[in-house]
Amino acid sequence: MAVVDKTLPAPFARVENIAAGVAWMLLSGLLFVAMTGIVRYLGSSLPAAETAFIRYALGFLLVSPALIGVFRRPPSRRVWGLYAGRGLVHGVGVILWFYAMARIPIAEVTALSYVQPILVTILAAFILGERLRARRIVAVLAGLMGVLIILRPGFQEIGLGQLAQIAAGPLFAASFIFAKMLTNETRPTEIVAMLSLVSTLTLLPFALADWRPPSLHDVLWLALVALVATAGHYALTRAYQCAPITVTQPVIFLQIVWATILGAAFFDEGVDAYVVVGAGIIVCSAWYIAIREMKSKGKATIPTAGPSPTASGGAS
């Protein structure tokens, strides 16, 4: 049953449909895992910033028609600021993610990305003034413990790939906050198009600093990455519009299943028990935070509108 939230400004009042929200989030997860598989296949043949730039430039071509609406109906200064802020943090996060994806197992990248909902909780407290209750603080600490189990500092060498993925986490968490705030003020296609535009501009100077002529093979595969990732971002945005984040966020955790299967089937990546245990702790922590917030407020963790939030849109 669809329920219209009449407290939101027309024409962007949210039509709440739980089943559709879960379906959109499930689709976005499958698309993002497929994208990681392609990036893993390409490896480090090109610098991370260049790979990310080509992916976003090609993605921008796919969604550029949506910008007609943006400039025909110019948004408010606040919305422009949200577009710019999201594109900047997302662009830098994408560079780090591409670097990590080419160097560490798919399941490990996915497991470490699960800390993002926990980081969203922290950022929401500092940026938006949301209250951090004691139980949520315990859940956040437990999630961070899960990260330590995956990395095992002192017992194994922590490589640049792991460090890059950890550094990308707060940036993607900030992108989540920007995206959630935008979903109630503009259209999904325009949100995705502006992310592609600003991220491409953000990535350009980094790409030019270490540019290597790409082969046709690389460009074609990156075009597929752009297509799959853009579709994933659109599905993610639709999920946020259809259902509360407390409902859709746990569905993201199924990505570890798809990532493990993909890594084992195509890249001979074994199942690491520490990654499984650490990911399990992070998943439980993030889910607990969502459930507690639903019980305490009777609504999504991140407000559907207004500044009183994460979206990366997944990974890239």
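Listed values, structure above:
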item: Flag for I177 being buried (at least 24 other Cβ atoms within 10 Å of the Cβ) and farther than 27 Å from R40 by Cβ; result: yes
item: Complete set of residues in segment 111-126 that are among the β-branched types (V, I, T) and either out of contact with any helix residue (DSSP H, G or I) (no Cβ under 7 Å at 6 or more places or on another chain) or modelled with pLDDT of 80 or more (or both); result: none
item: Lone unmet requirement of (1) buried (at least 17 other Cβ atoms within 10 Å of the Cβ); (2) assigned to a helix (DSSP H, G or I) for I104; result: (2)
item: Contacts under 9 angstrom Cβ, first residue in segment 166-193 being over 16 Å from R78 (Cβ atoms), partner in a helix (DSSP H, G or I) and charged (D, E, K, R), 6 or more apart; result: A174/R86; S175/R86; P188/R238
item: Wholly within segment 243-316, helices (runs of 4 or more DSSP H) carrying at least 3 residues that are modelled with pLDDT of 65 or more, aromatic (F, W, Y) and farther than 26 Å from A84 by Cβ; result: 255-267, 273-297
item: Residue identified as closer than 30 Å to L67 by Cα, at pLDDT 85 or above, among the hydrophobic types (A, V, I, L, M, F, W, C) and outside any loop (DSSP other than H, G, I, E, B) among L203, L163; result: L203
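So that you can scan it fast, the table gives a plain yes or no per residue for (1) in contact with a Cys (Cβ under 6 Å, 6 or more places away or on another chain); (2) surrounded by fewer than 22 Cβ atoms within 10 Å (Cβ to Cβ); (3) not in a helix (DSSP H, G or I):
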site	(1), (2), (3)
L141	no, yes, no
M145	no, yes, no
N184	no, yes, yes
T189	no, yes, no
D218	no, yes, no
H233	no, no, no
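The values are calculated or read from the model by the stated rules, or taken from the named source; none is laboratory data. Bear in mind that the values here come from a model prediction, so they are computed numbers and not experimental data. Reconstructed Cβ throughout: ideal geometry from the backbone, glycine too, with neighbour counts over all protein chains shown.
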